[in-house]
There are 2 protein chains.
Amino acid sequence: MKTLEIKELYRNGEKHYNQNIKVNGWIRTSRSSNAFGFMELNDGTFFKNIQVVLEGDILDNFKEITKLPISSSVYVEGVLVPTPDSKQPFELKAQKVVVEGVSSSEYPLQKKRHSLEYLRTIAHLRPRSNTFSAVFRVRSMAAFAIHKFFQEKGFVYTHTPIITGSDAEGAGEMFRLSTLDMSNPPRTEDGKIDFKEDFFGKETNLTVSGQLEGEAYALAFQKIYTFGPTFRAENSNTARHASEFWMIEPEIAFADLNDDMKLAEDMLKYVISYILENAPEEMAFFNSFIDKGLIEKLNNIVNSDFAHVTYTEAIELLEKSNKEFDYPVKWGIDLQTEHERYITEEIFKKPVFVTDYPKEIKAFYMRLSDDEKTVAAMDCLVPGVGEIIGGSQREERIDILERRIEELGLNKEDYWWYLELRKFGTTKHAGFGLGFERLIMYITGISNIRDVIPFPRTPNNADF
Amino acid sequence: MKTLEIKELYRNGEKHYNQNIKVNGWIRTSRSSNAFGFMELNDGTFFKNIQVVLEGDILDNFKEITKLPISSSVYVEGVLVPTPDSKQPFELKAQKVVVEGVSSSEYPLQKKRHSLEYLRTIAHLRPRSNTFSAVFRVRSMAAFAIHKFFQEKGFVYTHTPIITGSDAEGAGEMFRLSTLDMSNPPRTEDGKIDFKEDFFGKETNLTVSGQLEGEAYALAFQKIYTFGPTFRAENSNTARHASEFWMIEPEIAFADLNDDMKLAEDMLKYVISYILENAPEEMAFFNSFIDKGLIEKLNNIVNSDFAHVTYTEAIELLEKSNKEFDYPVKWGIDLQTEHERYITEEIFKKPVFVTDYPKEIKAFYMRLSDDEKTVAAMDCLVPGVGEIIGGSQREERIDILERRIEELGLNKEDYWWYLELRKFGTTKHAGFGLGFERLIMYITGISNIRDVIPFPRTPNNADF
């Protein structure tokens, strides 16, 4: 008798009705009287449990198994019986139950509801709870949907380096890595740390973005994407920031900002549709227990054409709104989350691309517009979150790129290979970055980034 | 007129014969006389180029474009004409050529063949060469094949942490990360570095494996896999070692070593079949220019049942062979590459699983066998490479696991949550690790790991 997965039973149950089958799993709940008992078994393959019926007359170890603590693991053989009158489509009438691992009464995930904060302290057990079972299955599916989207379009998945010798992207504070003896590091004649003696022969850090290396690959393969971990050593304890997170960065050549926005919109719609279609049970759970309007909100994203507005127009709209913002609005400011959410939630009531930002608030590599004041940047704002994607057309003109590097006081030598991409067959190109955890928060309605990462890393926290 | 990709032309050429089409790309080669010229254009979407025919009578910028340096980027409009008598199936008779980016005569990838060593120094340009175009497209496809394989079987893709607070796996030397001022770090009263002041409030390193965290998730989801970067701060400059590499680590619950080996064999066959089917041009190139017997070797893998032998039997076979090894054979040694290759290439002539290794040469978490001398470990050896996969059934019995941790002088407190997995519903489980780069080397025939990683990191090298 082959062991069947609970997912198979829920998806193709009729095929197995009134047949002898075998399942395994962990006990989620159990109750019993002297001669009769029930347990809900979850085998990890599906969001839902199977109800197992235990009868004292049939099972010689009835007493043992009805006393098993929650989360004990068992093998069950029995007959799958349809139950048209109850909430569940079927139940399993056990003929034999073999105990695999006996749990303990100290098991912390008992029936009562725990706070998400508490569950973070048992990150090794929380995927066994309904919420995290749903979150991390959706996370897995969304990752695959992203790969599928890009691979089907012929994009080349590029593993850009995690360890980097430069802060070339300039996106933020970095983690330094080293194998030097910190207690007594080698020093140069002038007393500085001698990183020439370090593992890589120079100072190295954890990457904040694979974009620059991604550009090199886009100028060979035309269409590439990265999907890997990135790091920020920022001491910010917010619900939206983690020190380690995964990022997707596509880069396309022979393409401009419009192509870039089209790609971003298509990608978001694809991933959301994929999840709605492939994780209906998990999404129904989130919609009931995490965020009441979630599915409607996501359907709205899939079915609407994203709006487009320039930064300059957006500033005018915010000014005209007469709304009191904490952070006053005027041309030149970096849009804050309150502004972004007002634009997408109140003004447009759907996702919006804001384009053509002042060059002063954007990175050196973004393409300078003819007005010399703005750059061909775009941020995608979505209701409930604000910015979810940031991208730009890249500066492909070597003279302007060099000028921008100098204007910003960066060191041209550090960018020798990046500049060479413009020297040897430069091409119009563009790309964007999507924070994977932000996307998962958006899709699941979960509001703290710590609850969408299996073992989150934040300031003062690298447990497990 | 929509721009067509060169891949589309090669896959569905007839559909576009004798029609006006538009392509873009970078010039790979070009030659011309006064009135007539050819250029080979590559747009990055496909391994092969398209031949463009240039006629002085038709193109008013004929002189300009025939003088363009290699790697300049252009847009071409013209008629796609079948050429049944020539090597290529078709050519594009240009009606209009627009120059996008003029390259320079200093472009280093000229027609002459460069050594792979030299190409490593121009890692930002080498994906434009035939060899690396093929390698990195295959790398991308293989990554996707791995995701596809596991997702279709219902495995949950789990992002285990990159930053870790412990060397719990004990697999090797690690990179420490820190944001402390290395010149003048805070110290405790007894003069040691005070890592309580560091970003995470303790000493942290880059992960060497996601296995232990993966086990936590397998005991919730039954079937999980990781696919992410891992790090080794080992000062070994070999063709097979990199400091940063990607690893796939599946973990399955309610499963033993046999299930584990079956999964490994199925996975390898799936990925190799996927590449043979989806990258025929690249594989033909490798078979011609990198490794003459490659395709035959891979077909052999796909079509053979892997052999199985215990470590003890393998040692006997090696002893009986009377072959002189550099490293003498006797029960208890760790098998060296020379032994592994002899076993798979000479004795079995196909992939082999070697199982049941002495516990002394394997990790603490592997399941102790009844003989108390060996553990339920398996290594998968393949011809031409040696070990490509290492795995084991994990010790699910808490008392034995605790004993093994003590025997090896490890600190039980560091493993509190790992031990709890055995306390709260322990379950037979198993898993393995596959070094992604080793797999790519195997599939492509490329013999240096530096040539299958876009921007490799090795001792004294973190360029780009």
> Is it true that some residue in the stretch B:112-131 is at the interface with chain A (Cβ under 7 Å from one of its Cβ atoms) and among the aromatic types (Phe, Trp, Tyr)?
Replying inline: no
>> Cβ contacts < 6 Å: first residue assigned by the TED database to the domain that holds residue A:226 and under 15 Å from residue A:146 (Cβ atoms), restricted to the stretch A:252-266; second residue assigned to a strand (DSSP E or B) and of a type outside the set (Val, Ile, Thr), any location; separation 6+ or different chain. Result?
In response: A:264/A:380; A:264/A:432
> Could you list, in sequence order, the residues of the stretch A:199-250 that are of a type in the set (D, E, K, R) and under 15 Å from the mean Cα position of the chain (by Cα)?
Replying inline: A:240, A:244, A:249
>> Given the criterion among the hydroxyl-bearing types (Ser, Thr, Tyr) and under 21 Å from the mean Cα position of the chain (by Cα), identify the matching residue among B:140, B:166, B:178, B:183.
In response: B:140
> Within the stretch B:217-240, is even one residue on the phi > 0 side of the Ramachandran plot, at the interface with chain A (Cβ under 9 Å from one of its Cβ atoms) and surrounded by fewer than 22 Cβ atoms within 10 Å (Cβ to Cβ)?
Replying inline: no
> How about the stretch B:16-29: which of its residues are more than 20 Å from residue A:428 (Cβ to Cβ) and open to solvent by 50 Å² or more (accessible area, probe 1.4 Å)?
Replying inline: B:17, B:18, B:19, B:20
>> Out of everything in the stretch B:84-130 that is of a type in the set (Val, Ile, Thr) and open to solvent by 20 Å² or more (accessible area, probe 1.4 Å), what residue ends up being farthest from residue B:464 (Cα to Cα)?
In response: B:98
>> Taking the criterion of being more than 8 Å from chain A (Cβ to nearest Cβ) and over 30 Å from residue A:275 (Cβ atoms), would at least one residue in the stretch B:139-151 satisfy it?
In response: no
>> crowded, with 17+ Cβ neighbours inside 10 Å, under 30 Å from residue A:263 (Cα atoms), more than 10 Å from chain B (Cβ to nearest Cβ) and at pLDDT 95 or above: is that true of residue A:135 in this structure?
In response: yes
>> I need the full set of residues from the stretch B:61-76 which are surrounded by 15 or more Cβ atoms within 10 Å (Cβ to Cβ) and more than 14 Å from every other protein chain (Cβ to nearest Cβ), in order please.
In response: B:62, B:66
> Between a first residue in the stretch A:296-308 that is over 18 Å from residue A:277 (Cα atoms) and open to solvent by 50 Å² or more (accessible area, probe 1.4 Å) and a second residue that is not polar (S, T, N, Q) and not in a loop (DSSP other than H, G, I, E, B), which pairs have beta carbons less than 6 Å apart while being 6 or more apart in sequence or on different chains?
Replying inline: A:308/A:353
>> Any residue at all in the stretch B:158-168 that's open to solvent by 30 Å² or more (accessible area, probe 1.4 Å), of a type in the set (D, E, K, R) and at pLDDT below 95?
In response: yes
> Going by the conditions given, is residue A:123 small (Gly, Ala, Ser) and part of a helix (DSSP H, G or I)?
Replying inline: no
>> On the basis of being in the same structural domain as residue A:424 (by the TED database) and within 27 Å of residue A:345 (Cβ to Cβ), does residue A:295 make the cut?
In response: yes
> When the stretch B:13-28 is examined, which residues are found to be modelled with pLDDT under 95 and not charged (D, E, K, R)?
Replying inline: B:13
>> Looking at residue A:195 and the list (1) open to solvent by 40 Å² or more (accessible area, probe 1.4 Å); (2) more than 8 Å from chain B (Cβ to nearest Cβ); (3) more than 23 Å from residue A:368 (Cα to Cα), which single condition is not satisfied?
In response: (1)
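The values are calculated or read from the model by the stated rules, or taken from the named source; none is laboratory data. A quick note: this is a predicted structure, and the numbers were derived from the prediction, not measured. In this analysis, Cβ positions are derived from the backbone assuming ideal geometry, glycine residues included, and neighbour counts consider all displayed protein chains. To get the accessible areas, we keep the full protein, side chains included, count just its heavy atoms, and leave off ligands, DNA and RNA. Shrake-Rupley method; radii C 1.70, N 1.55, O 1.52, S 1.80 Å.
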